[in-house]
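Got a structure here, written out as C-alpha cells. Questions coming.
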Amino acid sequence: MSALPRPTPAFADAPPRPTVAARIADEWRGAQWPARVSVIVLVIFYLFAIASPVIAPYDPAYQYRNLPDCPPMRLHLSSGAERANGLFFAYPMKIADPLARRFVEDRSRKTYLRFFHRGHLFTTADPNLPWFMLGSEGLGRDLFSRIVYGARVSMFIGLVGVLISFSLGIFVGAFSGYMGGWIDNLIMRWCEIEMSLPQFYFLLALAAVIPSGLSPVVTFFMIVAIMSFIGWAGFARVIRGMAAAVRSAPFVEAGRALGGSRIRILGRHVIPSMLGFAAINASLSIPGYILGESALSLLGLGIQEPAASWGNLLSQAMDPQNIEHYPWVLIPGLFISAAVMAFNFLGDHLRDRLAPGNAR
Amino acid sequence: MLRFLIRRLLLMIPLILGITFISFCAMSLVPGNFLTGLKMNPHISPEVIGQMEAEFGLDRPLLVRYFRWLWEVLHLNLGVSLAYRVDVTGLIASRALNTAILSLASMLFSWALAIPIGIIVAVRQNSILDRVLSFVSFLGMSVPAFFLAFLAMDFALRTGWFPVGGSFSPDYADLDMWNGLADRVNHLILPAAVLGLAGMASLMRLMRSQILEIKGAEFVRTARAKGLPERLVIYKHVLRNALNPFVTMAGYALADLLSGAALVEAVMNLQGLGLLLLNAVRSLDVPLVMGSVLMGTVLLLVGNLLADLALVAVDPRVDFATMASQ
C-alpha cells in the first residue's frame with residue numbers, strides 16, 4: 001500500500017455544474033414524445049388555473065339568459081377590409097325554437113374576436129355578443145370560461161392532496177419501519193384497517209359532513225383533507241418496508257457508529273434515501289385525487305355551484321336528455337381524462353428515469 | 001396449514017371490529033340523522049319524531065348504539081333499513097345479484113381480452129403492434145370509468161342499438177322468461193363493456209410485463225437450448241409462470257364482485273348494490289350502510305385469504321411459513 005495520499009482533483013478541473021435551465025433542456029431532449037406532450041398539456045392546464053381571469057374570455061358566472069345550452073359556435077376568417085375589425089368573426093346565435101332550445105346562426109350580424117382585449121387573452125369586441133368556443137351550459141354561462149376556472153380545483157387538488165398525504169406517509173412510514181417492534185406493529189395494523197375501509201363510500205360519508213354553505217375554498221380544503229386522510233396509509237406501508245430494509249444498510253450503520261441520534265439518522269439519512277421513489281409515487285397518485293373530486297362533485301357533494309370544477313360541470317351529463325340534445329356537456333370529461341392521462345404518462349416516464357430497476 | 005389458517009382468521013377479528021367501528025363513527029360525525037329530513041316536514045309532529053327516534057335507538061350515545069348493533073350482528077341480524085323498512089339482509093341480497101352478474105360479465109370481458117392481447121404483445125416485444133397496443137392501453141387506463149359510462153350512454157342514444165341505462169325495461173314484469181332474459185342481457189352489454197374496458201388496460205400491462213420478465217429467466221433459456229419449439233416454450237414454460245399474479249388477482253376480485261362501481265351504476269342508472277349504498281350513505285340509513293360495510297369487509301378479507309391459499313397451491317416457491325412471516 002502506498003503511503004502517498006490519493007491526489008485530489010482541483011475544483012477547477014471538475015466540469016462546471018450545469019445550470020437548471022441546461023438540465024431541464026437535457027431532460028426534455030431525453031424524454032419520449034408521450035412525456036413531452038404530457039408536460040405541455042399540464043403546463044397549459046396550470047396556466048388555466050393560475051391565469052384564469054386572463055385566459056377565460058368571459059366572466060364564468062355571467063349568465064347569457066337568451067343563450068342557454070347554446071352549441072359551440074364556428075369561427076370564420078375575416079376577408080378584405082373587414083380585417084380591421086378583427087381577424088376572426090363568428091355569427092351570433094339566436095334561438096329558433098325556444099322549447100327545444102334550438103339555435104341558428106344570425107347571418108345578419110357578426111361578432112369579431114379580439115386578442116389581448118380588455119384584459120383577456122381573447123374575447124369578442126362586443127361582450128354582449130359572445131363567442132362560445134365550447135358552447136354554453138344550462139344557464140347560459142360560457143362553458144370554456146367555466147372550464148378554465150374549474151382547472152383551479154382539478155389541478156391543485158392533486159398537488160395539495162399529495163403534499164399532505166405524502167409528508168404524513170413518509171414520516172409515519174419511515175418512523176414505523178425504523179423503530180420496529182411494537183410501535184411498528186401497532187402503526188401497521190392501523191394502516192391495514194384504513195386500507196381495508198371501503199374508500200369511495202367512506203369518502204362519501206365524510207363529504208356529507210361538509211356543510212353546504214361554506215365558501216368554495218374551504219370546501220376544497222376539506223375535500224383534500226378527507227382524501228389525504230384516506231390516502232396516506234397505503235403509502236406509509238410501502239415506505240415502512242423500505243425503511244425496514246435500509247435499517248441495516250451500511251450508510252445507516254455508519255451514521256449510528258458516528259453517534260447520530262435516531263431522529264437525526266431518520267431525518268438526514270433514511271427519509272432522503274426514499275425521496276426519488278416518493279416523487280414517482282406522488283405523480284402517479286395525483287390522478288386519484290382529481291378523480292375523487294370529480295366523482296364527489298358529479299354526485300353533487302363536492303364543489304358547489306356557482307363555483308366551477310370539472311366534476312360539477314360534467315354533472316350536467318347525469319341527465320341522459322342533456323347528453324342527447326346538448327352533447328357538449330361531455331367536454332369537461334375530456335379535460336378530466338386529459339389531465340389524468342398526462343399525470344400517468346409523466347409518472348411512467350419518471351419511473352423509467354429515476355428507478356430503472358422497477359421499470360416495467 | 002391449519003396454524004396459518006387459524007392465525008389469519010384470528011387476525012381478521014380486530015380488523016373487522018376496527019373497520020366497522022370507524023365506519024360507525026364516520027356516520028355519526030355527520031350532523032343530523034336519518035330523521036333530520038322528516039323534522040322539516042310540518043305535517044309530522046315532534047312526538048312522532050321522538051317516537052321514531054326511540055324506536056331506531058337514535059337517541060342513545062354512540063358507543064351504546066355501536067355495541068347494540070354488534071350484539072345483533074353476532075346473532076346474525078343486520079337490522080332493519082330505516083328508509084325501506086325492510087330487513088337489511090334481504091335488501092342487500094335482492095340487489096347483490098344484479099351487481100354480481102354485472103361484475104362477472106365485466107371481468108369475463110376484460111380477462112378474455114386482456115390476457116391474449118398481453119401475450120401477443122409481449123411475444124412480439126417492440127414491434128409496431130406492441131407499441132400501438134401498449135400506448136392505447138395506457139390511454140385506456142387514464143379514461144375514468146364514469147366518463148366511459150357517459151360515452152356509452154351517448155353511443156346508446158345516438159345509435160339506438162342499446163337501451164339507455166337501467167337494468168331492465170319498464171315492461172320487464174310482463175315479459176316471459178326468454179324475452180325477460182334477453183332484455184336483461186341487452187341491458188347488461190354496455191355497462192359490462194364499460195367496466196371491462198376500464199379494468200382491461202392494467203391487466204394487459206401486467207400480463208405483458210410478467211411475460212417479459214419470465215422470458216429472460218434461465219429456465220426459459222434451458223427450454224430453448226434443449227430444442228423445444230417456441231410455441232411450447234411460451235405456452236408450457238413462460239405462460240404458466242406468468243399467470244401466478246392472476247391467481248392472486250382472482251382472489252381480490254371476489255371483494256370487487258359486490259362492491260361494484262357505484263359511479264357507473266349512478267350514471268347508467270343500474271339497480272345494483274353500489275347505487276343502493278350510495279343513497280344509503282347520503283340519507284344516513286345507518287343499518288343499511290353498516291350491513292354493506294360489514295359484508296364488503298368480510299368479502300375483502302376472505303378474498304385475500306383465498307388468494308394467498310391459491311398462491312401457495314400454484315407457486316412452489318411460496319409456502320405457509322413465508323406467507324405467515326409477511
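Of everything in segment B:17-51 that's β-branched (Val, Ile, Thr) and outside any loop (DSSP other than H, G, I, E, B), which residue is modelled with the highest pLDDT?
B:Thr20
Okay, moving on. Look through B:Ser103, B:Ser94 and report the one residue that is in a helix (DSSP H, G or I), away from chain A (no Cβ under 14 Å), without any contact (Cβ under 8 Å) to a residue 12 or more places away in the chain and hydroxyl-bearing (Ser, Thr, Tyr).
The match here is B:Ser94.
Go through segment B:80-91 and report how many residues are in a helix (DSSP H, G or I) and buried (at least 20 other Cβ atoms within 10 Å of the Cβ).
Number of matching residues: 2.
Residue-by-condition table, conditions (1) within 13 Å of another protein chain (Cβ to nearest Cβ); (2) of a type outside the set (A, V, I, L, M); (3) in a helix (DSSP H, G or I):
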site: B:Arg208; (1), (2), (3): yes, yes, yes
site: B:Ala223; (1), (2), (3): no, no, yes
site: B:Thr248; (1), (2), (3): no, yes, yes
site: B:Glu265; (1), (2), (3): yes, yes, yes
site: B:Gly274; (1), (2), (3): yes, yes, yes
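Can you pull out the residues in segment A:84-128 that are in contact with a helix residue (DSSP H, G or I) (Cβ under 9 Å, 6 or more places away or on another chain) and in a loop (DSSP other than H, G, I, E, B)?
Matches in segment A:84-128: A:Ala100, A:Arg101, A:Lys110, A:Gly119, A:Ala125.
Among the residues of segment A:306-360, write down those that are modelled with pLDDT under 80, more than 8 Å from every other protein chain (Cβ to nearest Cβ), out of contact with any Asp or Glu (no Cβ under 7 Å at 6 or more places or on another chain) and surrounded by fewer than 18 Cβ atoms within 10 Å (Cβ to Cβ).
A:Asp352, A:Arg353, A:Leu354, A:Ala355, A:Pro356, A:Gly357, A:Asn358
Follow-up question, since we're still on this one. Return the pair list, or none, for Cβ contacts closer than 7 Å from residues in segment A:274-298 that are more than 11 Å from chain B (Cβ to nearest Cβ) to residues that are open to solvent by 10 Å² or more (accessible area, probe 1.4 Å) and among the basic types (Lys, Arg), at least 6 apart or on different chains.
Qualifying pairs under 7 Å: A:Ile280/A:Arg351.
Of all residues in segment A:241-259 being open to solvent by less than 70 Å² (accessible area, probe 1.4 Å) and modelled with pLDDT of 80 or more, which is nearest to A:Ala282 (Cα to Cα)?
My answer is A:Gly255.
Right, here's the next one. Only one residue in A:Tyr178, A:Tyr201 is outside any loop (DSSP other than H, G, I, E, B), within 12 Å of chain B (Cβ to nearest Cβ) and of a type in the set (Ser, Thr, Tyr). Which one?
Only one candidate passes the filter, namely A:Tyr201.
Is it the case that some residue within segment B:138-147 is over 24 Å from the mean Cα position of the chain (by Cα) and either away from every other protein chain (no Cβ under 14 Å) or closer than 30 Å to A:Pro34 by Cα (or both)?
Within segment B:138-147, not a single residue is over 24 Å from the mean Cα position of the chain (by Cα) and either away from every other protein chain (no Cβ under 14 Å) or closer than 30 Å to A:Pro34 by Cα (or both).
Right, here's the next one. Just checking, does segment B:125-137 include any residue being modelled with pLDDT under 85, under 30 Å from B:Asp183 (Cα atoms), open to solvent by less than 70 Å² (accessible area, probe 1.4 Å) and within 14 Å of chain A (Cβ to nearest Cβ)?
No, because not a single residue in segment B:125-137 is modelled with pLDDT under 85, under 30 Å from B:Asp183 (Cα atoms), open to solvent by less than 70 Å² (accessible area, probe 1.4 Å) and within 14 Å of chain A (Cβ to nearest Cβ).
Moving to a separate point now. Return the residues of segment B:231-272 that are of a type in the set (Asp, Glu) and at pLDDT 80 or above; say none if nothing qualifies.
Matches in segment B:231-272: B:Glu265 only.
While we're here: Please go through segment B:163-199 and give me each residue that is within 12 Å of another protein chain (Cβ to nearest Cβ), over 17 Å from B:Leu97 (Cα atoms) and surrounded by fewer than 19 Cβ atoms within 10 Å (Cβ to Cβ), ordered by number.
B:Pro163
Pairs please, first residue from segment B:56-79 and at positive phi, second anywhere and of a type in the set (A, V, I, L, M), Cβ atoms under 9 Å, 6+ apart in sequence or on different chains.
So the pair list comes out as B:Gly57/B:Val64; B:Gly79/B:Val73; B:Gly79/B:Val88; B:Gly79/B:Val286; B:Gly79/B:Leu288; B:Gly79/B:Met290.
Filtering segment A:260-276 down to residues that are in contact with a helix residue (DSSP H, G or I) (Cβ under 7 Å, 6 or more places away or on another chain) and open to solvent by 40 Å² or more (accessible area, probe 1.4 Å), which residue is farthest from A:Phe220 (Cα to Cα)?
Out of the qualifying residues, it is A:His269.
What pairs come out if I take residues in segment A:93-107 that are in contact (Cβ under 8 Å) with a residue 40 or more places away in the chain and pair them with residues that are open to solvent by less than 50 Å² (accessible area, probe 1.4 Å) and of a type outside the set (Asp, Glu) whose C-beta lies under 8 Å away, six or more apart or interchain?
Hits for this filter: A:Arg101/A:Pro68; A:Arg101/A:Tyr326.
The values are calculated or read from the model by the stated rules, or taken from the named source; none is laboratory data. Just so we're clear, the structure is a prediction, and the values are computed from it rather than from any experiment. Note that we place each Cβ from the backbone using ideal geometry, even for glycine, and neighbour counts take in every protein chain shown. All accessible areas refer to the heavy atoms of the entire protein, side chains included, with ligands and DNA or RNA removed. Shrake-Rupley method; radii C 1.70, N 1.55, O 1.52, S 1.80 Å.
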